[in-house]
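Below: the structure, in structure tokens.
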């Protein structure tokens, strides 16, 4: 695979997404993207033993410190973010320090949030090592942590200086985590690219088998779609909301189950089917979505959750305005809309059906 670069076009905050195989281990000069001459690498207890030394080899000439966070969504909290801030304070880091996130979506979100907060904002770089982080959470500048009453309720928009994606890190990803990442890949096709959705139908077995060429294409196309949407609407004032297809239901599932019981991608997969049902998506397209989700090894329905508990959780969704819930709906495969124009009785039916 040749190295590919996608640019997220945001004026003076534009940045590259560099995608390739074997980019860590000194094969890519990440030091050229560091703002000053020192940085803090934030990883976790699972990823650091695998890839920290390889990352350090890509930072030749830079003074590097590191901190390892506990692993898991349950640790995506203000207290964990403060571990990063405390390390920056204790090392007397200045505004020209760069913070580097090495890990999955939880590490990236926490690191970006800490970087946004420290001295009102220092540079950071994303080095995502999970499929979900590579195709979704590392791109777009959304950072944050969870609150007991809702997912990602505490956070900030803070764009990275660069995103470095080494697809070889997917070789060490547990199968369940790989499937969770495929949910966000499926989402990209469902909302914006019917041809890509069709390609996924033809190549899902290759993706699950981790065939390098298939994974490279899936990562690249997903990043291209997200980069275009983010460039149009950086702070989610309008069109960017389509990237949340399935997430209003999915975040509620995560909250009701307890963070970490269902992986984010698993909850989004079930949430996409529920959102498609609320969309009154044509039966053939709904069947295609269900089948593709199943082929990825993902659930197409949530665990039994009381409808009112789901509604209460969805009421804290960040897309709610004026106490009115808003949803991303599908007019067909590859065509998403967003707004408050949904069938409330049908929503109740969808929630009740999922609770059986």
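Brief remarks follow.
- Cα gyration tensor shape for segment 74-127, rounded if a/c is under 1.5, else prolate or oblate: oblate
- Most to least packed among 302-308, 41-47, 249-255 [average Cβ atoms within 10 Å]: 249-255, 41-47, 302-308
- Between 0 and 90°, nearest 10: helix 247-257 axis offset from the chain longest Cα axis: 80
- Remark: segment 57-171 is approximated by an ellipsoid whose semi-axes, taken from the C-alpha gyration tensor as √(5λ), come to 19, 19, 13 Å, largest first.
- Estimated [θ] at 222 nm from DSSP helical runs (n ≥ 4, -39500 (n - 2.57)) normalised by residues in the chain, nearest 500: -13000 deg cm²/dmol
- For segment 282-356 and segment 110-144, distance of Cα centres in Å: 27
- The packing ranking, built from the mean of other Cβ atoms within 10 Å per residue, places the peptides 149-158, 221-230, 280-289, 98-107 in the order 98-107, 221-230, 149-158, 280-289, highest first.
- Whether segment 252-356 is rounded, prolate or oblate, judged on the alpha carbon gyration tensor where a/c under 1.5 counts as rounded: oblate
- For segment 43-81 versus segment 215-281, the inter-centroid distance based on Cα atoms is 26 Å.
- Relative to the dominant Cα principal axis of the chain, helix 105-117 is inclined by about 60°.
- Principal-axis tilt of helix 344-354 within the chain, Cα atoms, nearest 10 degrees: 80
- Pairs of Cα atoms farther than 21 Å apart, segment 130-211, %: 41
- Plainly put, the chain has a radius of gyration that is 0.96 times its Kirkwood radius, both from alpha-carbon atoms, as the Rg/Rh ratio.
- Cα pair distances of segment 303-345 binned at 10 Å [whole percent]: 25, 47, 28, 0
- Length available on full extension from residue 14 to residue 147: 0.36 nm per residue minus the Cα-Cα distance, which gives 44.9 nm.
- For segment 175-354: rounded, prolate or oblate by the Cα gyration tensor [a/c cutoff 1.5]: prolate
- Segment 152-172-segment 1-37 distance, computed between alpha-carbon centres (Å): 12
Taken together, the values in this text are just the output of simple stated rules run on the coordinates, not laboratory data. Only a predicted model underlies this, so the values are computations on that prediction, with no experimental measurement involved. Glycine also receives a Cβ, built like all others from the backbone with ideal geometry; neighbour counts cover every protein chain displayed.
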